[in-house]
Structure formats: structure tokens, C-alpha cells
1. Expressed in nm to one decimal, what extension gain is obtained for the pair residue 9 and residue 83 from 0.36 nm per residue of sequence separation less their Cα-Cα distance?
2. For the chain, what % of the accessible area comes from carbon and sulfur atoms, probe 1.4 Å?
3. So what is the calculated 222 nm ellipticity per residue for the chain, using -39500 (n - 2.57) for each DSSP H run with n of 4 or more, over all residues, to the nearest 500 deg cm²/dmol?
4. With bins 10 Å wide starting at 0, give me the P(r) of the chain over every alpha carbon pair, in whole percents.
5. What number, in percent, do you get for the relative contact order of the range 16-151 if the mean sequence gap of Cα pairs under 8 Å and at least 6 apart is divided by its residue count?
6. For helix 88-118, what angle does its Cα long axis make with the longest principal axis of the chain, in degrees from 0 to 90 and rounded to 10?
7. Can you compute the FRET efficiency between residue 144 and residue 95 using 1/(1 + (r/R0)^6), with r the Cβ-Cβ distance and R0 = 22 Å? Round to the nearest 0.05.
8. Determine how large the accessible area of residue 91 is when every protein chain is in place; take a 1.4 Å probe and give Å² rounded to the nearest 10.
Amino acid sequence: MISTADTANSMQDYDNKMVEAFIDKPEKLAWYKNAFERYSVNGEAKMTWVWSWWAFFGGLFYLLYRKAYMPAIWLLVLFIVASFIPFAGFILWILTGGFAPYFVYKTYLERKAEIESAIQDEPKRIETMRTLGGCNDWAIWLAVALHLFFWVFVFIMFSTMMAVMAQQ
């Protein structure tokens, strides 16, 4: 006879394997497990502040890296709107550092529900989570390329402006 403690341990082990497969970075696993535990209140997702420097500095690219595509699109829209409001971009930047990991958690829950509704075999579920979760390394390269492009553009504009001012 299987006890409720064995069932609870089995479910906990399964959940840990699913989170591990989704994160796919052993060095970050403890941080994400802690954050995910804070977001789960009695089995319900609850948005709460969990600070991430990666999310703060990476913003949109953090969400793309973590395969949270819809939140990334919404964040891009918010940043575009915020660019027209004084200090709104800075405030949004801070809010992103505190709340973006929650959207990674929500993405995890969505992927988990999709997988569990389609696949019955536990090892296959975990392998599928590893495929659907994980990271997009291209997001890092995109961030680097766009930042380099921006700074080269600023340098060219500054140099041009200085040359024009020197001629006057």
C-alpha cells in the first residue's frame, strides 16, 4: 500500500525534476526553485517581488533568454509607451528586475500544464520540458549585438556633432 507521504515525496520529486528540466542551468536551479516557491501559495500562482539582477539589466532579453515570449512582447510594448513618459522607463526598468522572474514562473506553469495534458509518461514529460524550457543563447547574442549597434551609433553621432561644432 502506498502511503500519502510516499505520494507527496513522489510528487515533490517529479516537480523538482520538471523545474530542473525547465531551468536547464544547474548553477541557477537553487535561485529559481526559491523564487518559484515564493510564487506558489497553496498551489496558486501569486505575483510577488523577487529581485533578479539579470532581469534588471537584461529586461526584454532576460525574458527572451528564458523563452517567455508573450511577456517579452508586452514588456517591449510597455517600454515603447514608457519612452514617451518622463521617468517611466526608469521605473519600468526597476519593476522588470522585481517582477520579470514571475513571468518566467508563469511560462513554466503554462508549459507544464500543456505537457501534462498531452503526455502521460513521466520521463517523456521531463524530456519534453527540457526541450520546451531551457534557454535561448541567441538572446544573449542579440542583446550584445543591439547594444554594440547602439553604442556605435551614439559614437558616430557624437563624432559627427563634434566635427560640425568644430567647423563653426
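1. Details: separation 74, 0.36 × 74 = 26.64 nm, distance 4.86 nm.
Extending this stretch completely gives an extra 21.8 nm.
2. Working: 7640 of 11110 Å².
On the chain, the fraction of accessible area on carbon and sulfur atoms equals 69 percent.
3. Working: 8 runs with 130 residues, N = 168.
It lands at -25500 deg cm²/dmol.
4. Whole-percent P(r) values from 0 Å outward: 9, 30, 29, 16, 8, 5, 2, 1, 0, 0.
5. Details: 142 pairs, mean separation 51.9, N = 136.
Once normalised by length, the contact order is 38 percent.
6. 30 degrees
7. Working: r = 24 Å, r/R0 = 1.09.
Between residue 144 and residue 95 the formula returns 0.35.
8. Its accessible surface works out to 90 Å², give or take rounding.
The values are calculated or read from the model by the stated rules, or taken from the named source; none is laboratory data. Quantities reported herein were computed from a predicted structural model and do not represent experimental measurements. Positions of Cβ are backbone-derived with ideal geometry, glycine not excepted, and every protein chain shown enters the neighbour counts. In case anyone asks, the SASA skips ligands and DNA or RNA and just uses the protein heavy atoms, side chains included. Shrake-Rupley method; radii C 1.70, N 1.55, O 1.52, S 1.80 Å.
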